[in-house]
Structures are given as structure tokens and as C-alpha cells.
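Student: Got a structure for you, written out below as C-alpha cells; questions coming shortly.
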Amino acid sequence: MVIRLNQMAAGFTGMSEAAANAYMEYINNDVCPLIPSRGSEGANDLSMVTHIGLALMGEWDVSYKGKRVPAAQVRQQLKLSPYHPFGMDGISILSNSNVAEAQSIAAVKKAEHYLKLSPVVIASSLEALNGNVSPYLWHTVDTKGWPQGHEAAEAVLANLKGSYLWKKDSKRYLQDPLSFRSAGYILAAAQEELRQAKDLLNTAINHTTDNPIVNTNARNDLWYSSAEVLDEMRAGKPNVFVNSCSNFDNTQLALQLESLTKAIGQVIHTSAWRTTQLVDGHRTGLLTYLVAKENNGGDGFANIAQSMSGLYAEAMALTNSAIGYGVPTSIGIEETFSNVNLTADRLSKVADIGYEIYAYEVLHTTQAMDMRKQEGKQMGEGTEQLLKQYRKVVPFVSKDRFYTPDINNGLRVLKNIEFTQVK
């Protein structure tokens, strides 16, 4: 509703002042019309936003003060005047993609938080491994030249200020597995896809997804401006037009959301593979499966990766393309599809799984970090903060136990972690 109101203010929808007031009354009183969460082909959100119009007229249900109640009851309680769509109100209420845009914003914000968490997780894995900082150094990244490359690498290194990794170690491998070496570039790719998605969304919510559209400041200096067919489209003044269009086409946004989803899939891939490397005693120099010295005969993390593997498979399935599929509707007039609602939902789900995979990785990295500290090694400023926050809810594994509570508690930490960003 906020997006719709913003687009009304831009002047492209041709909606009435009464419609704007009706939206504002619901927004200002926290009245939220209930809409289906699924079932849009992405050409427009016809089946979804229609419910907003019904609720504005008091003919549907809303969420108000935490309860589902009839819209008519809430309108009476708030003493709101009856609203009846007029002129272009009806078509503008139902022929747009505001729900898809809202779903996309929510998904992108979740993805953004997940990616902001990534540098400290990568840094903690490097400390767990006794890894090499070489791939993240400025002069290394400079030779690649990828967008966001320096930003991603420096964010990882910032979390390693004061870390033992900056000291020489004859036992440290010259080259780490690619899930460690490439993590910065893969994170940079996801950050760049995120940037483009945010730019597209900012453009979308400040323009319009209506059909038809109204433009009160149209250009009249183009080669076709004087064509007689344009006279049929003018609305009173030479530069005022009402035009048929398909502004609810979201192909570009759907493609970008899928690109971001695939990029996060790569971030998840490297996380899962780093986790499997950390239980290899030949690779880390620690006991196999990160078994604590006092855990005599213990299995440590011998089998925990099996459940992580199942989640990983679920995430990879979400990276498959969903745009372009659909059944022609409106007697075959609407036969193109973007399924942007579905792509937004998939992005949201893949970000959720990303957090879950990180919960497995951080269970391993914090175990290894504590084992390193027992050897007298110092962790970085950022990674130490992660360790302290995590240890508030997940203790060191000094004796075998079942790990489901640890994964769930760790997941909550990662989704809500608070620590000072090291620069």
C-alpha cells in the first residue's frame, strides 16, 4: 500500500484523491488487508492486490491489532467514510505489481543482512583452518578487477585485525582449498548482484506498474509526436496522455532476483565445502572431526555434515530458473510471465537456508577457534566478537552431545547478531 501511494504521488496512476486518502487511512492506522501469499504469474498481481481493493471497500478481511477481522468492522470502528472506486481507481488498484515489489524488497533485505554477515564467517573459517590471507590482500584482488572485489576482501580482512594469521607459520599451507581462496570473489559477485537488485527496486517503486498509464508531462519533440494516431491517446492537453502498456512486466526484476539467488547459492556452496574441510585433521592440524582433547573416544562432528548436505541440496534446487512459465489467461491476451513473486519467494528461502548452512559452519569454526586459543593463538577483533556472541548460547563441545539445539540456537544468533563492525 505504501508503494501504491508513492506511485500515486508520482502522478502516473490517474487515481483519485479519495483513493489516496483510503490508502493513507489504512496505512496510518496499521490496517493490513489480507492477501494470498502465492498465485501470481508476475504479469501483474491481479489475484493479490484485488484483495486490497476489496478491503478498502469493506468487503474482505484485514489484520488489525494482531487479529483477523472483517474490513467493514474495522472501518466502522475507525469511523472511516465509505470508499467507492471512481474513474481509473478500479483498474489501478488491481492492475499493478505492488505486491511483487513488496515481496522482492523483503527478500532483498534478508539477502542483504545475510551477505553482511558473510565476511566475519569467512574470516572465522580462515582462523579455524589456519588459512592463508594471501587471496584477500589488496594487491592480489587488484589483479582480478571484479566489481566489489576489494570491498568483499577488505571486509574479511578487517575482521582479522590482530589475528594470529598475520604471523608466520611454517605449518601453514601455501594454497588453501578453493572454498577458502575463492570465498572473497564469490561474496563480491553476490554483493554486486545485490547492488543491482536494490537499484532496480528503487527504480520500480518510484515509477509505476500500471496499465494503462497516465503521463501529464509527455514529450512532444519526437519524430512521431505529430502522428494523428497520438491524438486518440491525448487527454485534453497536448502533453497529457493515457496509454495502454505492460508496465507490470517485471522480467528485468525477476531475472535480477534469480541472479542474486544463484549468487547466494554460490556463497552457500563455499560455506558447506569449507565446513567439510574443517573436520580434516590433515588440513587443519587439529584433531580429526574437531574432537576436543578431553573428549576421549569422542566422535565430535563426524556425522553432522549429513544433515547440512540435505539443506544444501534444498538450496541448490531453489537456484533453478522459474521465470517464463505460465498458462495464457484473459482469452490468450496475457501470455507472458515473469513469476517475480515466486523468484522473490525463492530468494527469501535460499537466504534462510544460507543462515542455516552458516549455523553448521560457525559450529565448526568456533570449535576450532577455541582449540587454537588453547594453543595460545589470538583471534581477530571481528572474529573474537563472533565467538563471544556465539558462546553465549552454544558452549564448546568438550564432550559428545546431540547438536540440534546448538544448530537452532546458533541460527538465532546469526540472524540477530550484534557486534561492532570492524573497519
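Student: Going by the structure shown, is Val214 farther than 20 Å from Ala100 by Cβ and either surrounded by 18 or more Cβ atoms within 10 Å (Cβ to Cβ) or in contact with a Ser or Thr (Cβ under 6 Å, 6 or more places away or on another chain) (or both)?
Tutor: Spelling it out, Val214 is indeed farther than 20 Å from Ala100 by Cβ and either surrounded by 18 or more Cβ atoms within 10 Å (Cβ to Cβ) or in contact with a Ser or Thr (Cβ under 6 Å, 6 or more places away or on another chain) (or both).
Student: Would region 344-365 turn up any residue that is out of contact with any Phe, Trp or Tyr (no Cβ under 7 Å at 6 or more places or on another chain), in the same structural domain as Ile264 (by TED's automatic domain parsing) and free of Cβ contacts under 8 Å to residues at least 40 places away in the same chain?
Tutor: yes
Student: Take the conditions assigned to a helix (DSSP H, G or I) and within 17 Å of Ala183 (Cβ to Cβ) and apply them to Gly265. Does it pass?
Tutor: So Gly265 passes the test.
Student: Continuing with this model, one more query. Just need a number here: residues in region 390-412 that are farther than 13 Å from Ser124 by Cα and part of a helix (DSSP H, G or I).
Tutor: Counting residues in region 390-412 that are farther than 13 Å from Ser124 by Cα and part of a helix (DSSP H, G or I) gives 10.
Student: Count, please, the residues in region 304-329 that happen to be within 20 Å of Gln252 (Cβ to Cβ) and either of a type outside the set (Phe, Trp, Tyr) or touching a residue at least 24 places away in the same chain (Cβ under 8 Å) (or both).
Tutor: Qualifying residue count, region 304-329: 7.
Student: While we're here: Could you figure out which of (1) crowded, with 19+ Cβ neighbours inside 10 Å; (2) farther than 21 Å from Leu342 by Cβ; (3) within 26 Å of the chain's Cα centre (by Cα) isn't true of Gly14?
Tutor: (3)
Student: May I ask you to list the residues in region 95-137 that are crowded, with 18+ Cβ neighbours inside 10 Å, over 26 Å from the mean Cα position of the chain (by Cα) and assigned to a helix (DSSP H, G or I)?
Tutor: Glu127, Ala128, Leu129, Pro135
Student: Looking for whichever is within 15 Å of Gln103 (Cβ to Cβ) and either crowded, with 16+ Cβ neighbours inside 10 Å or touching a residue at least 40 places away in the same chain (Cβ under 8 Å) (or both) here; the options are Val31, Val62, Val49. Which one fits?
Tutor: One residue alone meets the criteria, Val49.
Every residue, every condition in (1) in a loop (DSSP other than H, G, I, E, B); (2) hydrophobic (A, V, I, L, M, F, W, C); (3) over 30 Å from Ala22 (Cα atoms), yes or no:
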| residue | (1), (2), (3) |
| --- | --- |
| Phe86 | yes, yes, no |
| Thr140 | no, no, yes |
| Asp169 | yes, no, yes |
| Gly184 | no, no, yes |
| Gln191 | no, no, yes |
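Student: Name the pairs: first residue in region 213-233 and under 21 Å from Asn247 (Cα atoms), second residue modelled with pLDDT under 90, Cβ to Cβ under 6 Å, at least 6 apart or on different chains?
Tutor: Filtered contacts from region 213-233: Ile213/Phe12; Val214/Phe12; Val214/Gly14; Thr216/Gly11.
Student: Follow-up. Can you say whether Thr275 is touching a Phe, Trp or Tyr at 6+ places or on another chain (Cβ under 6 Å), in a helix (DSSP H, G or I) and surrounded by 20 or more Cβ atoms within 10 Å (Cβ to Cβ), as far as the supplied structure shows?
Tutor: Criteria met by Thr275.
Student: For Gly53, work out the one condition from (1) at pLDDT 95 or above; (2) within 16 Å of Phe248 (Cβ to Cβ); (3) outside any helix (DSSP H, G or I) it doesn't fulfil.
Tutor: Status for Gly53: all satisfied but (3).
Student: Quick test of your reading of the structure: Lys237 fulfils all but one of (1) in the same structural domain as Val120 (by TED's automatic domain parsing); (2) closer than 30 Å to Arg4 by Cβ; (3) without any contact (Cβ under 8 Å) to a residue 24 or more places away in the chain; (4) out of contact with any helix residue (DSSP H, G or I) (no Cβ under 9 Å at 6 or more places or on another chain). Name the failing condition by number.
Tutor: Of everything listed in (1) in the same structural domain as Val120 (by TED's automatic domain parsing); (2) closer than 30 Å to Arg4 by Cβ; (3) without any contact (Cβ under 8 Å) to a residue 24 or more places away in the chain; (4) out of contact with any helix residue (DSSP H, G or I) (no Cβ under 9 Å at 6 or more places or on another chain), Lys237 misses just condition (1).
Student: Tell me which of these Asn44 doesn't satisfy, since it passes every other one: (1) buried (at least 24 other Cβ atoms within 10 Å of the Cβ); (2) modelled with pLDDT of 95 or more.
Tutor: For Asn44, the exception is condition (2).
The values are calculated or read from the model by the stated rules, or taken from the named source; none is laboratory data. Given the structure is predicted, the values throughout are model-derived calculations rather than measurements. FYI the Cβ positions are ideal-geometry reconstructions off the backbone, even for glycines, and counts take in every protein chain you see.
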